[in-house]
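**Student:** Quick one: structure below, then a few questions.
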Amino acid sequence: MPLARLLPLVIGASLLSACAPTTPLFIAQVTTNEVVEYKALKTKRMTAAIEEEGDLLTYSALAIRDAHSAKAEALYLDGYRDRQLSGEVRAIALYQIGLIYMSRFNEQRDDAKALNYFYKVLNEFPASQAASRAEERIATIRQRADEPIQQTSRELLANWQPSQNLDLYKPSLDPDMTLLSRRAVLKGRVEEAEQLYLLGLADPHVPADIKEKALYQLALMHMAPDNPNANRDKAIAYLRRLLVQFPEGELSAKAARHLDLALNPGQR
């Protein structure tokens, strides 16, 4: 069902299956060190893509990491074609496809395809939040095309160094936070991520369990110690809303514990 498959669109928490070797010969040709290097390269690729483009949802970042652009494209198109969803959410689906294909760290990068999707956002959803962002990405692609040196994704990765303020796996970040939430906190873009989660909450056709997870992410961002603009009152409000709307939800126990900590910060 399209709605069920759209889960990664709203909260960005789903995983893509790994690319499995297709023949024993492939396995025989890959040494242990090469496997380790390949895994490191994939992780580095995802981190680099997220650092460069803060609007990437987790599913999109994993698609870039695992060279599953077409698979992610197909899933997002399911969401776009589902007319029960709001125009805002359908526009995000197209926008994410564009982001995947324009990523300089994507081995399957295709700027022409990215442009087509961004223009599709502008033409079909001109009043959406994604439209203004699509315009900015179109300008970026045009500017890149004029650069005298065009490097491949592997060439870019060879010289890429992670930002000092973007440790996505900092121990201080709640382990339940999605990549979108983590980057938003570390890069001061919580307000933008909040808008994205709120779009999912506002859409009557987004499944209840997705809305519950969106509320949880909103609370985690606003109570994160690494968030320079942490808002305890907002975090409490989102946690209370989660508990009222989803008292039997899968996150109710965790939400209750976080709420207790937010209300009694000295009792840790």
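What follows is calculated from the coordinates using simple rules that are stated; it is not laboratory data. Keep in mind it's a predicted model, so treat the numbers as computed, not measured. So basically every Cβ, Gly included, is an ideal-geometry build from the backbone, and we count neighbours across all protein chains shown.
**Student:** Order these peptides, 109-119, 201-211, by their mean beta-carbon neighbour count within 10 angstrom, highest first. Let's see the in-between values first.
**Tutor:** Values: 109-119: 17.9, 201-211: 16.2.
With the highest mean Cβ count within 10 Å placed first, the list reads 109-119, 201-211.
**Student:** Just to confirm a number: summing +1 for Lys and Arg and -1 for Asp and Glu over residues other than Lys234 whose beta-carbon lies under 12 angstrom from that of Lys234, what do you get? Numbers along the way, then the final one.
**Tutor:** Values: positive: Arg232, Arg240, Arg241; negative: Glu191, Glu194, Asp233.
That works out to 0.
**Student:** From the phi of every residue in segment 144-158, what ³J(HN,Hα) in whole Hz does the Karplus formula 6.51 cos²θ - 1.76 cosθ + 1.60 yield, where θ is phi - 60° and glycine or proline is x?
**Tutor:** 4, 5, 8, 5, x, 10, 10, 9, 6, 4, 5, 5, 5, 5, 4
**Student:** Under the 0.36 nm per residue contour assumption, what length would be gained going from the current alpha-carbon distance of Ala202 and Ala237 to full extension?
**Tutor:** Details: separation 35, 0.36 × 35 = 12.60 nm, distance 1.62 nm.
Once the chain is fully extended between Ala202 and Ala237, it gains 11.0 nm.
**Student:** Next up: If you plug each phi of segment 61-72 into the Karplus form 6.51 cos²θ - 1.76 cosθ + 1.60 with θ = phi - 60°, what whole-Hz ³J(HN,Hα) values come out, in order, with x for Gly and Pro?
**Tutor:** 5, 5, 5, 5, 4, 9, 6, 10, 4, 5, 5, 5
**Student:** In debye to the nearest 20, how big a dipole does segment 33-160 give about its Cα centre with +1 on each Lys and Arg Cβ and -1 on each Asp and Glu Cβ?
**Tutor:** Charge dipole, segment 33-160, about its Cα centre: 200 debye, nearest 20.
**Student:** Checking the a/c ratio against 1.5 first, then a/b against b/c, what shape does the Cα gyration tensor give for segment 130-266? List each step's numbers first, then the result.
**Tutor:** Values: a/c = 2.72, a/b = 1.77, b/c = 1.53.
It is prolate, given that a/c is not under 1.5 and a/b is the larger ratio.
**Student:** Just in segment 167-268: which chymotrypsin sites (Phe, Trp or Tyr not before Pro) are loop by DSSP and have at most 16 other Cβ atoms within 10 Å? Kindly include the intermediate steps, with their values, before the conclusion.
**Tutor:** Numbers: sites: Tyr169, Tyr197, Tyr216, Tyr238; in loops: Tyr169.
When the chymotrypsin sites (Phe, Trp or Tyr not before Pro) of segment 167-268 are filtered for loop state and at most 16 Cβ neighbours within 10 Å, Tyr169 remain.
**Student:** In addition: About its Cα centre, what dipole magnitude does segment 189-268 give when the only charges are +1 on Lys and Arg Cβ and -1 on Asp and Glu Cβ, stated in debye to the nearest 20? Please report the intermediate quantities before stating the final value.
**Tutor:** Numbers: 10 positive and 11 negative charges, 54 e Å.
Computed charge dipole of segment 189-268: roughly 260 debye.
**Student:** At a 10 angstrom cut-off on C-beta neighbours, averaged per residue, how do the peptides 134-144, 149-159 rank from highest to lowest? Before the final figure, lay out the partial values.
**Tutor:** Values: 134-144: 15.0, 149-159: 11.8.
The packing order, highest mean first, is 134-144, 149-159.
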